[in-house]
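To start, the structure under review is shown below, and the notes come after it.
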Amino acid sequence: MNYDIDEAPYTSSRREFVDLSDNEIEQYFSLSSIQEQAYNTIRRKAELSWESQEMTFLDADANTRAEWLFASRLLAMYGQSRTDIKFILETTPPDLQLTELTNKRKELIMRLAGTEAGKQWLKCIKLKDGSKYVARFVFGTQSRLSQQDTDNFLLTLDQIGILHDLIKGRGKKYRLGYEVLNTENIEAIKKYCKNPEKAQLIVTRLHKYIDKAKGAQGASRPVRAMMGAGALKTRIPWDLFIKEFGKGTCNKSSYNDYTNPEQPSQFTDQLYNELVTEFKEFL
């Protein structure tokens with residue numbers, strides 16, 4: 001039985017893929033290498049004369065034709081969902097954009113995992129020549145997918161791929177005006193987070209308060225509040241702190257004093273308590 005993406009029921013695949021790690025999402029939905037393979041498949045044919053290739057097309061078997069179709073449709077769909085993603089960005093406050101993009105990516109992965117084509121993708125794509133088996137399933141002569149199923153599958157792949165690139169800081173090529181944080185710094189900060197997968201969200205929220213802070217107390221308070229909430233297991237080291245937030249935020253001795261994990265917090269004001277409460281969402 002086939003399902004429209006919006007109506008896909010909950011399945012074992014859907015439940016299994018709700019909590020994919022960052023590395024797993026990268027393996028499944030970083031589409032650049034697959035798109036490059038598709039492009040090379042088409043380019044190799046285009047570089048040869050029609051006279052030399054006519055019989056190749058005439059005599060191609062069903063599996064080969066399915067692979068050609070998949071390559072051409074994957075590339076034809078590339079970037080089709082930019083308008084939808086641009087709408088998300090235009091209707092979401094900057095401080096919430098990363099969360100919104102991350103939630104949308106998760107939602108689409110869940111939907112994809114509830115469809116026949118999506119299950120095939122998740123089962124095969126990490127394996128050697130996995131895209132060939134996806135192509136044969138989707139475009140083969142015995143495929144059970146409708147045209148709508150196929151279109152939804154390819155569009156959803158495009159959406160997830162672009163969202164993932166934006167989240168990982170590879171989205172400049174899409175010209176959507178979205179800037180992501182330094183991924184190298186994020187990776188380094190993960191080790192200090194109780195939930196490493198939320199490091200980017202934590203740093204984004206810290207920027208919200210540190211970027212407009214004045215003085216050492218203002219710059220150190222959000223970090224200490226993250227520690228107080230339990231979202232940070234310990235403080236972000238000074239060298240990493242200034243690398244991400246800038247040298248002008250405060251000096252080393254004051255930062256280390258205000259964020260000393262061996263001492264009780266020096267902050268007792270209402271703002272600090274409010275930040276601690278707010279930051280508990282990252283637990």
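Do any of K190/K212; K168/K233; K123/K194; K86/K198 go past 28 Å between their Cα atoms, and which?
Over 28 Å apart, Cα to Cα: K123/K194.
Using +1 at the Cβ of each Lys and Arg and -1 at the Cβ of each Asp and Glu in the chain, identify which of Y39, T83, Q266 lies farthest towards the dipole's positive end.
Farthest towards the positive pole: Q266.
I'd like the projected area of segment 85-146, averaged over all directions, using the convex hull of its alpha carbons. Report it in nm² with one decimal.
Here the figure is 5.6 nm², rounded to one decimal.
From the phi angles alone, apply the Karplus equation (6.51, -1.76, 1.60; θ = phi - 60°) to segment 129-138 and give each ³J(HN,Hα) in whole Hz, x where the residue is Gly or Pro.
Result, rounded to whole Hz: 6, x, 5, 5, 6, 5, 4, 5, 5, 7.
Let me know the charge dipole size of segment 94-185 about its Cα centre in debye, to the nearest 20, where only the beta-carbon of Lys, Arg (+1) and Asp, Glu (-1) is charged.
So the dipole magnitude of segment 94-185 works out to roughly 400 debye.
If you average the alpha carbon positions of segment 162-180 and of segment 107-123, how far apart do those two centres end up, in angstrom?
23 Å
Taking the Cα centre of the chain as origin, sum charge times position over the Cβ atoms of Lys and Arg (+1) and Asp and Glu (-1), and report the length of that vector in debye to the nearest 20.
Working: 41 positive and 39 negative charges, 151 e Å.
That gives the chain a dipole magnitude of about 720 debye.
Hey, what's the chain come to in accessible area per residue, 1.4 Å probe, Å²?
Per-residue value: 54 Å².
Choose one of Q200, N256, L283: the residue whose Cα lies farthest towards the positive end of the charge dipole of the chain (beta-carbon charges +1 Lys, Arg; -1 Asp, Glu; about the Cα centre).
About the Cα centre, the residue reaching furthest to the positive side is N256.
Share of segment 189-282's accessible area from carbon and sulfur, percent, 1.4 Å? List each step's numbers first, then the result.
Numbers: 2180 of 4680 Å².
Roughly 47 percent of what the probe reaches on segment 189-282 is carbon or sulfur.
Take each of the peptides 104-116, 185-197, average the number of other beta-carbon atoms within 10 Å over its residues, and list them starting from the highest.
The densest-packed peptide leads the list: 104-116, 185-197.
Given the alpha-carbon gyration tensor of the chain, what are the semi-axes of its equivalent ellipsoid in whole angstrom, ordered largest first, with each equal to the square root of 5 times an eigenvalue?
47, 19, 15
Considering only the other residues whose Cβ falls under 10 Å of the Cβ of L31, what net charge follows from Lys and Arg at +1 and Asp and Glu at -1?
-3
Of L232, S220, N152, which is farthest on the positive side of the dipole of the chain, counting Cα position, with +1 on Lys and Arg Cβ, -1 on Asp and Glu Cβ, and the Cα centre as origin?
Looking along the dipole axis, the top candidate is S220.
For C193, enumerate residues with amide H under 5 Å from its amide H, sequence gap 5+ or separate chain, H modeled in the peptide plane.
K233
The values are calculated or read from the model by the stated rules, or taken from the named source; none is laboratory data. Computed from a predicted structure; not experimentally measured. Note: ideal-geometry Cβ built from the backbone for every residue, glycine included; neighbour counts use all protein chains shown. Accessible surface areas use protein heavy atoms only, side chains included; no ligands, DNA or RNA. Shrake-Rupley method; radii C 1.70, N 1.55, O 1.52, S 1.80 Å.
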